[in-house]
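Report on one structure; see the data block that follows.
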């Protein structure tokens, strides 16, 4: 792993533009090296941040982007719980990403078949990779330490073979979801967590500094060879005692 960087911003308003620049810089690098850019998205506050800040970038060209989802709720695309639906409204409809570059679940399928179908889509998009290797995955973290739809004390934390796993007993509604597994997450070239707000402070301390007991799901994100960023705001960082970066007006990620 290239090392973990914990970068603290005064608020999410300062964090957003830096996240957008991180995505763009990794996109430029990937397209130059491999002819395309692969991005894995999570829901929650990331939708509005990216919808605002990516669209604010000058001359953003998404024609060579391939986008997947780190997890997705098994609901119709017009349901307010659909991560794809939210991104479609706030981002995809406003950029020049081709429809073929957006990898979505088939919400008409039962959850197990939905996970298998999404696995096939990822295998087609990443031929030759045992586990898909995304250029960057953007992750959030719940107040219980979950990330993707990988929850504390759940059997899926130990999954080592599947690319995408079904979950029908999510402790957070809706109960039926599909999620990338840790082998996929930890294969990425770059993983960036975004965590903001004072409600995240206690769990963030445990994830970033915890020494005792079983690791929370977010603490198990340790890319094998890739970069790991934690982009957080002052309220979320309130309990941390580890050394962090506090960027000035210019920050290079």
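The values are calculated or read from the model by the stated rules, or taken from the named source; none is laboratory data. All figures in this text were calculated on a predicted structure; none of them were measured in a lab. Every residue, glycine as well, gets a Cβ built from its backbone with ideal geometry; the counts of neighbours run over all protein chains shown.
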Looking for something outside any helix (DSSP H, G or I), surrounded by fewer than 18 Cβ atoms within 10 Å (Cβ to Cβ) and in contact with a helix residue (DSSP H, G or I) (Cβ under 9 Å, 6 or more places away or on another chain) - is there at least one such residue anywhere in the stretch 188-199? yes
If residue 146 meets every condition in (1) touching a strand residue (DSSP E or B) at 6+ places or on another chain (Cβ under 8 Å); (2) under 20 Å from residue 220 (Cβ atoms); (3) surrounded by 21 or more Cβ atoms within 10 Å (Cβ to Cβ) apart from one, which number is that one? (1)
Test residue 114 against the stated conditions and say whether it is farther than 30 Å from residue 14 by Cβ, surrounded by 14 or more Cβ atoms within 10 Å (Cβ to Cβ) and either touching a residue at least 40 places away in the same chain (Cβ under 8 Å) or more than 20 Å from the chain's Cα centre (by Cα) (or both). yes
Output the residues belonging to the stretch 117-135 that are buried (at least 18 other Cβ atoms within 10 Å of the Cβ), within 23 Å of residue 22 (Cα to Cα) and under 17 Å from the mean Cα position of the chain (by Cα). 132, 134, 135
Please work out which residue is nearest to residue 137 (Cα to Cα), limiting yourself to the stretch 231-253 and to residues that are touching a helix residue (DSSP H, G or I) at 6+ places or on another chain (Cβ under 7 Å) and in a strand (DSSP E or B). 231
Within the stretch 41-62, restricting to residues that are out of contact with any helix residue (DSSP H, G or I) (no Cβ under 8 Å at 6 or more places or on another chain) and at pLDDT 95 or above, the one that is nearest to residue 13 (Cα to Cα) is 46
Checked 105, 97 against criteria (within 17 Å of the chain's Cα centre (by Cα) and farther than 30 Å from residue 4 by Cα); the one match is 105
Just to verify a result, which residue in the stretch 21-39, among those that are in contact with a helix residue (DSSP H, G or I) (Cβ under 9 Å, 6 or more places away or on another chain) and in a helix (DSSP H, G or I), is surrounded by the fewest Cβ atoms within 10 Å (Cβ to Cβ)? 21
